[in-house]
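As C-alpha coordinates, the structure follows; a few thoughts come after it.
The values are calculated or read from the model by the stated rules, or taken from the named source; none is laboratory data. Predicted, not measured: the structure shown is a model, and the values here were computed from it. Here the Cβ positions follow ideal geometry from the backbone for every residue, glycine too, while neighbour counts run over all protein chains shown. The accessibility values were calculated without ligands, DNA or RNA, using every heavy atom of the protein model including side chains. Shrake-Rupley method; radii C 1.70, N 1.55, O 1.52, S 1.80 Å.
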Amino acid sequence: MGLTERAYGLAESLLSEPLPRRWSHSLGVAERARSLEPILGQESALMEAAAVLHDIGYSPQIASTGFHPLDGARFLRDQEGMDDRIVRLVAHHSCALLEAEERGLREELETEFALERPELVDALLFCDMTTTPDGGCTNSKARVSEIVGRYGPDTIVGRFIQRAAPEIHAAVRRVEGRLSAAQEASQPI
(Lines give C-alpha, C1' and ligand atoms only; values in the text may rest on other atoms or scores of the structure.)
Protein backbone atom coordinates (compact mmCIF):
# COMPACT_ATOMS: atom_id res chain seq x y z
CA MET A 1 0.00 0.00 0.00
CA GLY A 2 1.33 3.42 -0.95
CA LEU A 3 1.85 6.30 1.44
CA THR A 4 -1.19 8.25 0.24
CA GLU A 5 -3.51 5.22 0.30
CA ARG A 6 -2.34 4.39 3.81
CA ALA A 7 -2.93 7.98 4.94
CA TYR A 8 -6.48 8.07 3.55
CA GLY A 9 -7.37 4.73 5.15
CA LEU A 10 -6.00 5.78 8.53
CA ALA A 11 -7.66 9.20 8.50
CA GLU A 12 -10.98 7.70 7.43
CA SER A 13 -10.84 5.10 10.21
CA LEU A 14 -10.20 7.80 12.83
CA LEU A 15 -12.48 10.59 11.60
CA SER A 16 -15.30 9.47 9.32
CA GLU A 17 -17.68 8.05 11.93
CA PRO A 18 -16.99 10.02 15.10
CA LEU A 19 -16.29 13.34 13.32
CA PRO A 20 -17.84 13.34 9.83
CA ARG A 21 -17.51 17.09 9.35
CA ARG A 22 -13.83 16.95 10.30
CA TRP A 23 -13.44 14.08 7.81
CA SER A 24 -15.06 16.22 5.08
CA HIS A 25 -12.69 19.06 5.93
CA SER A 26 -9.69 16.70 5.76
CA LEU A 27 -10.78 15.43 2.35
CA GLY A 28 -11.09 19.02 1.15
CA VAL A 29 -7.63 19.88 2.49
CA ALA A 30 -6.21 16.85 0.66
CA GLU A 31 -7.93 17.99 -2.53
CA ARG A 32 -6.29 21.41 -2.15
CA ALA A 33 -2.95 19.64 -1.65
CA ARG A 34 -3.37 17.85 -4.99
CA SER A 35 -3.84 21.25 -6.63
CA LEU A 36 -0.32 22.22 -5.50
CA GLU A 37 1.40 19.59 -7.66
CA PRO A 38 2.80 22.28 -10.02
CA ILE A 39 4.87 23.73 -7.15
CA LEU A 40 5.46 20.60 -5.07
CA GLY A 41 6.47 18.14 -7.78
CA GLN A 42 7.81 14.96 -6.20
CA GLU A 43 6.63 16.06 -2.76
CA SER A 44 2.98 16.12 -3.85
CA ALA A 45 2.15 12.69 -2.45
CA LEU A 46 3.81 13.59 0.85
CA MET A 47 1.74 16.78 1.06
CA GLU A 48 -1.50 15.00 0.19
CA ALA A 49 -0.84 12.40 2.89
CA ALA A 50 -0.07 15.11 5.49
CA ALA A 51 -3.16 17.04 4.40
CA VAL A 52 -5.59 14.16 4.87
CA LEU A 53 -3.97 13.30 8.23
CA HIS A 54 -3.53 16.81 9.63
CA ASP A 55 -6.59 16.72 11.93
CA ILE A 56 -6.54 13.11 13.16
CA GLY A 57 -5.58 14.37 16.62
CA TYR A 58 -9.23 15.37 17.09
CA SER A 59 -10.26 11.71 16.98
CA PRO A 60 -11.61 10.52 20.34
CA GLN A 61 -9.58 7.34 19.81
CA ILE A 62 -6.26 9.18 20.10
CA ALA A 63 -6.91 12.61 21.67
CA SER A 64 -5.06 12.88 24.96
CA THR A 65 -3.74 16.42 25.53
CA GLY A 66 -6.64 18.18 23.82
CA PHE A 67 -4.16 19.76 21.39
CA HIS A 68 -4.78 17.99 18.11
CA PRO A 69 -1.49 18.70 16.29
CA LEU A 70 0.51 17.18 19.15
CA ASP A 71 -1.87 14.25 19.69
CA GLY A 72 -1.99 13.47 15.97
CA ALA A 73 1.78 13.69 15.49
CA ARG A 74 2.49 11.51 18.51
CA PHE A 75 0.04 8.88 17.28
CA LEU A 76 1.55 8.89 13.79
CA ARG A 77 5.07 8.57 15.19
CA ASP A 78 4.48 6.16 18.06
CA GLN A 79 1.65 3.94 16.82
CA GLU A 80 1.90 4.09 13.04
CA GLY A 81 5.62 4.63 12.36
CA MET A 82 4.59 7.19 9.74
CA ASP A 83 7.14 9.02 7.59
CA ASP A 84 8.90 11.58 9.81
CA ARG A 85 8.21 14.44 7.41
CA ILE A 86 4.46 13.80 7.58
CA VAL A 87 4.66 13.60 11.37
CA ARG A 88 6.45 16.97 11.51
CA LEU A 89 3.96 18.59 9.14
CA VAL A 90 1.02 17.34 11.21
CA ALA A 91 2.72 18.51 14.42
CA HIS A 92 3.30 22.02 13.13
CA HIS A 93 0.36 22.57 10.81
CA SER A 94 -1.29 25.98 10.62
CA CYS A 95 0.86 27.88 13.12
CA ALA A 96 0.54 25.19 15.78
CA LEU A 97 3.41 26.65 17.82
CA LEU A 98 1.28 29.70 18.61
CA GLU A 99 -1.64 27.58 19.77
CA ALA A 100 0.76 25.38 21.75
CA GLU A 101 1.97 28.52 23.49
CA GLU A 102 -1.62 29.41 24.47
CA ARG A 103 -2.00 25.91 25.89
CA GLY A 104 1.34 25.81 27.72
CA LEU A 105 2.60 23.08 25.36
CA ARG A 106 5.03 25.01 23.16
CA GLU A 107 8.15 23.53 24.72
CA GLU A 108 6.79 19.99 24.32
CA LEU A 109 5.93 20.57 20.67
CA GLU A 110 9.26 22.22 19.85
CA THR A 111 11.28 19.59 21.71
CA GLU A 112 9.54 16.57 20.20
CA PHE A 113 9.06 17.72 16.62
CA ALA A 114 11.38 19.76 14.44
CA LEU A 115 9.87 22.09 11.87
CA GLU A 116 9.65 20.85 8.30
CA ARG A 117 10.92 22.96 5.37
CA PRO A 118 9.16 26.36 5.24
CA GLU A 119 7.78 25.77 1.72
CA LEU A 120 6.01 22.62 2.90
CA VAL A 121 4.78 24.23 6.12
CA ASP A 122 3.35 27.07 4.00
CA ALA A 123 1.75 24.60 1.59
CA LEU A 124 -0.10 22.69 4.31
CA LEU A 125 -1.16 25.93 5.99
CA PHE A 126 -2.51 27.13 2.61
CA CYS A 127 -4.47 23.91 2.14
CA ASP A 128 -5.97 24.02 5.64
CA MET A 129 -6.75 27.72 5.74
CA THR A 130 -8.39 27.84 2.30
CA THR A 131 -10.74 24.93 3.06
CA THR A 132 -14.04 25.28 4.90
CA PRO A 133 -15.08 22.95 7.74
CA ASP A 134 -17.22 21.09 5.18
CA GLY A 135 -14.40 20.69 2.66
CA GLY A 136 -15.21 23.52 0.26
CA CYS A 137 -12.87 26.25 -0.96
CA THR A 138 -12.60 29.60 0.79
CA ASN A 139 -10.03 32.31 1.38
CA SER A 140 -7.88 32.71 4.48
CA LYS A 141 -9.67 35.83 5.73
CA ALA A 142 -13.06 34.09 5.66
CA ARG A 143 -11.56 30.97 7.24
CA VAL A 144 -9.99 32.90 10.13
CA SER A 145 -13.28 34.75 10.69
CA GLU A 146 -15.20 31.46 10.65
CA ILE A 147 -12.84 29.95 13.26
CA VAL A 148 -13.12 33.00 15.54
CA GLY A 149 -16.91 32.90 15.16
CA ARG A 150 -17.12 29.18 15.89
CA TYR A 151 -14.85 29.17 18.95
CA GLY A 152 -15.27 32.75 20.19
CA PRO A 153 -12.63 35.50 20.27
CA ASP A 154 -11.65 34.98 23.91
CA THR A 155 -11.10 31.21 23.81
CA ILE A 156 -7.71 29.54 23.41
CA VAL A 157 -8.42 28.85 19.74
CA GLY A 158 -9.91 32.30 19.17
CA ARG A 159 -6.91 34.08 20.70
CA PHE A 160 -4.44 31.85 18.87
CA ILE A 161 -6.03 32.22 15.43
CA GLN A 162 -6.21 36.01 15.78
CA ARG A 163 -2.50 36.09 16.69
CA ALA A 164 -1.68 33.71 13.83
CA ALA A 165 -3.79 35.55 11.22
CA PRO A 166 -0.96 37.74 9.80
CA GLU A 167 1.25 34.69 9.25
CA ILE A 168 -1.65 32.66 7.87
CA HIS A 169 -2.44 35.34 5.29
CA ALA A 170 1.25 35.80 4.43
CA ALA A 171 1.75 32.05 3.91
CA VAL A 172 -1.33 31.87 1.67
CA ARG A 173 0.04 34.78 -0.40
CA ARG A 174 3.45 33.05 -0.69
CA VAL A 175 1.84 29.85 -1.96
CA GLU A 176 -0.43 31.73 -4.35
CA GLY A 177 2.64 33.58 -5.65
CA ARG A 178 4.49 30.32 -6.24
CA LEU A 179 1.45 28.87 -8.03
CA SER A 180 1.13 31.96 -10.20
CA ALA A 181 4.82 31.85 -11.11
CA ALA A 182 4.57 28.14 -11.95
CA GLN A 183 1.56 28.79 -14.19
CA GLU A 184 3.34 31.64 -15.97
CA ALA A 185 6.44 29.49 -16.47
CA SER A 186 4.34 26.75 -18.07
CA GLN A 187 2.72 29.10 -20.61
CA PRO A 188 4.12 28.90 -24.15
CA ILE A 189 6.08 31.95 -25.22
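Before moving on, here are some points about what is shown:
- Counting protein heavy atoms only, the range 30-189 has 51 percent of its accessible area on carbon and sulfur, 1.4 angstrom probe.
- A cut-off of 5 Å between modelled amide H atoms, ignoring neighbours fewer than 5 places along the same chain, links residue 131 with 138.
- Kirkwood radius, the range 130-180, all distinct C-alpha pairs, inverse of mean reciprocal distance: 11.4 Å.
- Residue-normalised accessible area of the range 55-115, expressed per residue, 1.4 Å probe, Å²: 42 Å²
- Three-way shape call for the range 4-47 based on the alpha-carbon gyration tensor, with the a/c threshold at 1.5: oblate
- Net charge of neighbours whose Cβ lies under 10 Å from the Cβ of residue 7, counting Lys and Arg as +1 and Asp and Glu as -1: -4
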